[in-house]
Amino acid sequence: MQFTDRLVTSYDMNFYTVADDWNRYAKTASAYIRNYGDSDVPVLNNIAWVFYENVTDTSHLDTAILWAARSVAHDPMYYNNDTYAALLYKRG
């Protein structure tokens with residue numbers, strides 16, 4: 001059942017992206033990471049980057065900063081550092 005739930009949550013995130021509903025995307029992505037992607041470095045980085053590009057709510061951005069920091073701690077490569085720096089810049 002967990003695989004099905006993970007897949008449905010992923011599809012929901014894609015739907016909210018297409019629908020340009022970034023508030024629902026942020027809530028769904030937060031649940032996705034909490035339940036399935038907490039230690040998956042590419043997932044943390046990719047979702048944090050989507051937040052950088054599209055999300056404006058500061059509390060959601062603060063959460064994305066934590067994800068980006070976690071991805072840098074596990075894999076300090078350019079792409080993770082770039083996402084982390086971009087989010088920090090966006091938050092001022």
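Where a number appears in this text, it was derived from the coordinates with a stated rule and is not lab data. No experiment lies behind these values; they were computed from the predicted model shown. Glycine gets a Cβ as well: all are built from the backbone with ideal geometry, and neighbour counts include every protein chain shown.
For the chain, the longest principal axis of the alpha carbon atoms and the long axis of helix 2-18 meet at an angle near 70°. For the range 2-91, the orientation-averaged shadow of the C-alpha convex hull comes to 5.1 nm² (one quarter of the hull surface).
Dipole check for the chain: with +1 at the C-beta of Lys and Arg, -1 at the C-beta of Asp and Glu, and the Cα centre as origin, the magnitude is about 140 Debye.
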